[in-house]
1. Report relative contact order for the chain in percent, whole number only (criteria: Cα-Cα under 8 Å, sequence separation at least 6).
2. Assuming 0.36 nm per residue, please report the length gained on full extension of the stretch residue 122 to residue 40 beyond their Cα-Cα distance.
3. I want to check the label-to-label distance for residue 31 and residue 48. Put each point 7 Å from Cα in the C-beta direction and report it in nm to one decimal.
4. Arrange the peptides 159-166, 61-68, 100-107 so that the one whose residues have, on average, the most other Cβ atoms within 10 Å appears first.
5. So what is the 222 nm mean residue ellipticity for the chain from helices alone, if each DSSP H run of at least 4 adds -39500 (n - 2.57) and you divide by all residues, rounding to the nearest 500 deg cm²/dmol?
6. How far apart, in nm, are the 7 Å Cα→Cβ label points at residue 167 and residue 98?
7. Looking at [x] 101, 31, 25; [y] 79, 47, 34; [z] 51, 32, 26, which value of Cα extents along the principal axes in Å comes from a calculation on the structure shown?
8. How far apart, in nm, are two points set 7 Å out from the Cα along the Cα-to-Cβ line at residue 156 and at residue 13?
């Protein structure tokens, strides 16, 4: 049974949300994993059930548990966080499919480059005052000018995994 999502404004709960990144390195022998520790967002569910919104990540907040690597990821070789401090995903439409599936379409901006992105997520919790959307999708980093790849060590595609908890926004 599909439970309807309440219309109105929703706010991301950053303490209960995660945005993680995985990328193969060393010619596929190892996987680097990281978590963006500074995430914010908001959205609106419209009366027809569709939704729009924005998710913003602090590019310098990516934590891979390796300070030297994190400094390199913030540099101009990768996210260029000094010049492009935010990574944003502007949701232009989110529509319920069968069951708990949600088709999300929008525009991803990384390093000042904006590209369309769509994926299917899952509503794993739906309540009157809270909802949780989980999704996993692949991004080709080279489309955003992140082309550093010494000796072909870094895969061009990264997998993004999200668990986003939204609560009803208060006026």
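What follows is calculated from the coordinates using simple rules that are stated; it is not laboratory data. Note that the structure is predicted; figures quoted are calculated from it, not measured. Heads up, the Cβs are rebuilt from the backbone with ideal geometry, glycines too, and the neighbour counts pull from every protein chain shown.
1. Working: 407 pairs, mean separation 44.6, N = 171.
About 26 percent, as a whole number.
2. Working: separation 82, 0.36 × 82 = 29.52 nm, distance 1.95 nm.
Length gained, residue 122 through residue 40: 27.6 nm.
3. 3.8 nm
4. Values: 159-166: 19.2, 61-68: 14.0, 100-107: 16.5.
Most protected by this proxy first, the peptides run 159-166, 100-107, 61-68.
5. On the way: 1 runs with 8 residues, N = 171.
For the chain, the value works out to -1500 deg cm²/dmol.
6. Reported label-point gap for residue 167 and residue 98 is 3.5 nm.
7. Recomputing Cα extents along the principal axes in Å here picks out [z].
8. 4.0 nm
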